[in-house]
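Undergrad: Please read through the structure below; I'll follow up with questions.
Quick note: the coordinates plus some simple rules give every number you see, no bench work behind them. Only a predicted model underlies this, so the values are computations on that prediction, with no experimental measurement involved. Counting neighbours? That spans all protein chains shown, and the Cβs are built from the backbone with ideal geometry, glycine included.
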Amino acid sequence: MFASRVAFRSARVAAPRMPIAAARGYAAPAQAANTKPPVPLYGLDGTYASALYTASAKQESLNDVSKGLENLYNTFKTDKQLQAIMSAPTLSASDKSQVVQELQKTMAVQDKDNTIKNFLQTLAENNRLSVLEGVCEKFSTLMSAARGEVEMTITSAAPLENKMVKQLETAVSKSQYIGQGQKLKVVPKVDPEIRGGLIVEIGDRTIDLSVSAKMARMNKLLTETL
């Protein structure tokens, strides 16, 4: 597993040393219109994802980078120790270099003009490897927007049957949430914490039909009543 190949050493956590726009020169100040991220993203992971999108677009390597991040995101889901390693405050410069090498192997794609390598090194040097999983998700959001896709995340307590997913996909595709020329991208997720029911997220809209949400509303009502 990836996690078993990375050694831990003590190191003092340094503050970020460079803004991402200036990092390693892969994100120049001037941006062509077709390299601009299709939608604004927020948060630190959104900032890094947007910078990587611009850099990849300039090198015409969006598809390769997208595939690599998808592979890496899948690794985060299967290797539970990976996020702990990314967040460890004890990683030395040597450890970080080893992590970057292993991450590149995991992504398993052609790295045109070292776009991916430079990006990973920037995260490592700025002590931001912990946001990498979030970057993978946000980059997927950018790619979906660039393809005219509207992402619908369906969270359930247990995996849904394909028939149920298809029914939801068909219903939403015909709704006001999907504009002309847009395509619906369904992303199923499993979270036992919701206990039952569904949470459906479409763009910036959330429909919470989970058992946990119903229990929270019931508890609130009881508290206010008593």
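Undergrad: If I model a spin label at residue 80 and residue 173 as a point 7 Å from the Cα along the Cα→Cβ vector, what separation in nanometres do I get?
TA: 3.7
Undergrad: To the nearest whole percent, what portion of all C-alpha pairs in the stretch 148-225 is separated by more than 21 angstrom?
TA: 35
Undergrad: Kindly provide the chymotrypsin sites (Phe, Trp or Tyr not before Pro) of the stretch 39-77 that DSSP labels as loop, not H, G, I, E or B, and whose Cβ sees at most 11 other Cβ atoms within 10 Å.
TA: When the chymotrypsin sites (Phe, Trp or Tyr not before Pro) of the stretch 39-77 are filtered for loop state and at most 11 Cβ neighbours within 10 Å, 42 remain.
Undergrad: Subtract the Cα-Cα distance of residue 224 and residue 71 from 0.36 nm times their separation in residues, and report this length gain in nm to one decimal.
TA: Separation in residues times 0.36 nm, less the Cα-Cα distance, equals 50.3 nm.
Undergrad: What residues of the stretch 60-75 lie in the reach of a label at residue 98, counting those whose backbone N is under 15 Å from a point 7 Å from the Cα along Cα→Cβ?
TA: none
Undergrad: Can you pull out the trypsin sites (Lys or Arg not before Pro) in the stretch 126-226 that DSSP calls coil and that have at most 12 other Cβ atoms within 10 Å?
TA: 147, 174
Undergrad: Grab the Cα-Cα distance for residue 215 and residue 112, subtract it from 0.36 nm times how many residues apart they are, and report the gain in nm with one decimal.
TA: Gain in length upon complete extension: 32.0 nm.
Undergrad: Strictly over 29 Å apart at the Cα level, which of 80/105; 77/163; 77/220; 185/214 would you flag in this model?
TA: Long pairs (Cα-Cα over 29 Å): 77/220.
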